[in-house]
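Read the figures in this text as sums done on the coordinates, not as results from a lab. Not measured: the values here are computed from a predicted model. Note that each Cβ is placed from the backbone with ideal geometry, even for glycine, and that neighbours are counted across all protein chains shown.
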Amino acid sequence: MEENGPKSAGLRPADPLGRAMLAHHRDTPGRLTYRDGADVQDGSVAEFYFSSAESWDRETIDLLERLTDHEPVLDVGCGAGKHLLWWANRGVEAVGVDVSPNAVRTARERGLEGVFVGDMFDLPVATGAFGAVHAVGTQIGLGRSLAGIRALLAEFARVTDIDGVAVVDNYDPTRLDADFFGYRSDPREGIAHRCFHLEFKHETADGEQRREIGRTLQFLLCSPARLREATIGTPWGVRDVLRDDANRTDEEAAHYSTVLEKTN
């Protein structure tokens, strides 16, 4: 059985990433892959979504600790809840939201109660309800343009209080080349794009082989300078841009995190 992208009326949309998380959590077989035409990359579910804090770099821990001073925290795109579990173990109030119903189901099965399904572009959250937003995994790039990122940042501003902070991340295209998975060039300085879709192959309890195919994801890649440009017209200002270039691959060195603070 094959499920391709968003479904017609009355049928659920495909959710390959969420199903891969749930399968991994339940220790059932399956394989997640990223696909861009003939190019294929392993989804690395355990590494990306179930890693423990012992394997995280210092930058990740520092950012999580930084947000603890601004609880409650809203973890946007929380996935299987690895960061929420880190906060919960330290008594920090944090809530997770993810567009994937199966990711939310996974997080709840891991013992997290404050997790719900929602679209980050239209968060089902009261205005000013949180002190901080944590949105990593380069998902801010799903805004697909600087204007789209600006709209997403405006939504993050809406759900945070007057002293709100936010952590977002992206890849700097000035440090990437065409070998980066899903890479699409752009003539503008500090701008590029990334496109791929996800597939999850697994076997059902009755032995049937299934393949679930997600819609094509399109990300805007932007340099820190262009991300700063996207904050114009929002209440956010860039407080810090963080990189860890030591002992990194070229792809890892292109990754950066940005701390945003409310300026008005």
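Consider a paramagnetic label point 7 Å from the Cα of Thr263 along Cα→Cβ; state which residues of segment 212-239 have an amide N under 20 Å from it.
Backbone N within reach: 222-239.
Please state the shape class of segment 61-213: rounded when a/c is under 1.5, otherwise prolate if a/b exceeds b/c and oblate if not, all from the C-alpha gyration tensor.
Here segment 61-213 falls in the oblate category.
Suppose every K and R has +1 on its Cβ and every D and E has -1 on its Cβ; what is the size of the dipole of the chain about the Cα centre, in Debye to the nearest 20?
Magnitude of the dipole: close to 640 debye.
Segment 171-229: which GluC sites (Glu not before Pro) are DSSP loop and have at most 10 other beta-carbon atoms within 10 angstrom?
Passing sites in segment 171-229 are Glu189, Glu208.
Given 0.36 nm per residue, what is the gain on full extension from Gln41 to Glu113 after removing their alpha carbon distance, in nm?
That pair, Gln41 and Glu113, stretches by 22.7 nm at full extension.
What nm distance separates the two modelled labels at Asp206 and Asp250, each placed 7 Å from Cα along Cα→Cβ?
According to this spin-label approximation, the distance is 5.0 nm.
Can you give the calculated 222 nm mean residue ellipticity of the chain, where each DSSP H run of n ≥ 4 adds -39,500 (n - 2.57) and the sum is split over every residue, rounded to the nearest 500 deg cm²/dmol?
-7000 deg cm²/dmol, from helical runs alone.
Do any trypsin sites (Lys or Arg not before Pro) in segment 114-159 lie in a loop, going by DSSP, with at most 16 other beta-carbon atoms within 10 Å of their beta carbon, and if so which?
Arg144
Return the loop-located trypsin sites (Lys or Arg not before Pro) in segment 10-88 (DSSP other than H, G, I, E, B) with at most 12 other Cβ atoms within 10 Å of their own Cβ; answer none if there are none.
Arg26
Could I have the simple spin-label model distance between Thr174 and Ala129, label points 7 Å from Cα toward Cβ, reported in nm to one decimal?
Each label point lies 7 Å from its Cα, and together they span 3.8 nm.
What does the charge count around Glu229 come to, taking other residues whose C-beta lies under 13 Å from its C-beta (Lys +1, Arg +1, Asp -1, Glu -1)?
Taking every Cβ under 13 Å from that of Glu229, the sum is +3.
What is the sum of charges around Ala107, taking Lys and Arg as +1, Asp and Glu as -1, for the other residues whose C-beta is under 15 Å from the C-beta of Ala107?
Within the 15 Å Cβ shell, the charges total +1.
When the dipole is taken about the Cα centre of segment 22-120, and only Lys, Arg (+1) and Asp, Glu (-1) are charged at their Cβ, what size is it in debye, to the nearest 20?
About 400 debye.
Could you run the Karplus curve 6.51 cos²θ - 1.76 cosθ + 1.60 with θ = phi - 60° over segment 196-207 and give me ³J(HN,Hα) per residue in whole Hz, x for Gly and Pro?
For segment 196-207, the Karplus-derived couplings read 6, 10, 10, 10, 10, 9, 7, 10, 6, 4, 8, x Hz, x marking Gly and Pro.
Charges at C-beta only: +1 for Lys and Arg, -1 for Asp and Glu. How large is the resulting dipole of segment 87-156 about its Cα centre, in Debye rounded to 20?
180 debye
Mind giving me the FRET efficiency for Arg243 and Glu93? R0 is 22 Å, r the Cβ-Cβ distance, nearest 0.05 is fine.
The computed FRET efficiency comes out at 0.15.
List every DSSP H helix in the chain whose Cα atoms extend 15 Å or more along the helix's own long axis and whose mean Kyte-Doolittle hydropathy is at least 1.0.
Sorted by number, the helices that extend far enough and score high enough are 146-159.
Calculate how many DSSP beta bridges within the chain are antiparallel, expressed in % of all such bridges and rounded to the nearest 5.
Bridges in the chain are about 65 percent antiparallel.
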